[in-house]
Amino acid sequence: MLTIDAGTTGALRVAPSILAADFGALANAVREVDAETDWLHVDVMDGHFVPNVSIGPPVVQSLRRYSTKFFDCHLMMSEPERYLEAFAKAGANGCTVHVEVGHTKELIGQMRDLGLRVGLAANPDAPFEAVEPFLGDIDLLLLMTVFPGFGGQSFMPEVMAKVERARQVIDNAGLALDLEVDGGIDEKTAPVATAAGANVLVAGSAIFARADPLEAATLLRRAAERGRPCD
């Protein structure tokens, strides 16, 4: 696994989801937005945990040659334990598994043993209490702002109450933990998410489906910065 620093925990990060990019020219799509993005978000779907399929370790390995960004791999899978090692070897820097899958402690331990940055995700209908016991053991908490499976869905503002609560708990406990949101993030919803406390924003179609993806990423970052609380 190539070791790439995720950067300062808590800093604002724009993470374009390659799920929305042109897979026939993926390397070029990633390079095009390089200057205005911080991580690359890799959505992995198994057709079982979510009703869709996407990519696997071979695509991560191929893309790794063309990018030095932090690869933030979101594993929407029923059995992530079977594939974590393959993703680490392919060039993933961090993997995020879903709390709904269960055996969370074991998955966290496996990711640590592989040298991966550890992420834990929760769907919109999962209560905060489902992830709260693990906050001290992970590096990233991903709170989905759509139900995963397909890109281009509408942002669910009701999740912001959970984001706000997570930010409060993280800050009160002094945890070095990134708070990520994914789903329906664009120029309008980015400041809503950052105002609630998110610092990592995953955006797919809002970047890659635009005529000028680099400009779209720039505008998304500026919008997100507007929502950030003043120090």
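What follows draws every value from the coordinates through simple rules; no lab data is involved. Small disclaimer: the values here were computed from a predicted structure and weren't measured. With ideal geometry, Cβ positions are generated from the backbone for all residues, glycine too; neighbour counts draw on all protein chains shown.
Determine the shape class of the stretch 40-162: with a ≥ b ≥ c the square roots of the Cα gyration tensor eigenvalues, call it rounded for a/c under 1.5, and otherwise prolate if a/b is greater than b/c, oblate otherwise. Kindly include the intermediate steps, with their values, before the conclusion.
Details: a/c = 1.67, a/b = 1.25, b/c = 1.34.
Judged from the Cα gyration tensor, the stretch 40-162 comes out oblate (a/c at least 1.5, b/c at or above a/b).
Among the trypsin sites (Lys or Arg not before Pro) within the stretch 1-71, which fall in a DSSP loop and have no more than 16 other Cβ atoms within 10 Å of their own Cβ? Present the calculation step by step, with values, prior to reporting the outcome.
Values: sites: ARG13, ARG31, ARG64, ARG65, LYS69; in loops: ARG65, LYS69.
Within the stretch 1-71, the qualifying trypsin sites (Lys or Arg not before Pro) (loop, at most 16 other Cβ atoms within 10 Å) are ARG65.
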Beta bridge orientation in the chain: antiparallel %, DSSP, nearest 5: 5 percent
Residue order, fewest to most beta carbons within 10 Å, for GLU85, GLU158: GLU158, GLU85
Helix-derived mean residue ellipticity, 222 nm - over the chain, DSSP H n ≥ 4, -39500 (n - 2.57), to 500: -9000 deg cm²/dmol
Student exercise, the chain dipole from Lys, Arg, Asp, Glu Cβ charges, in Debye to nearest 20: 360 debye
Under 5 Å, built H, 5+ apart or other chain: amide partners of HIS98: MET77, ALA121
Coarse-grained scattering of the chain at q = 0.09, 0.10, 0.11, 0.17 Å⁻¹, given as base-10 log I(q)/I(0) from a Debye sum over alpha-carbon atoms: -0.31, -0.39, -0.47, -1.27
Relative contact order computed over the stretch 13-227 (Cα-Cα under 8 Å; 6+ residues apart), in percent: 21 percent
Reduced Cα scattering model of the stretch 127-201, Debye log10 I(q)/I(0), q = 0.11, 0.17, 0.20, 0.23 Å⁻¹: -0.25, -0.59, -0.80, -1.03
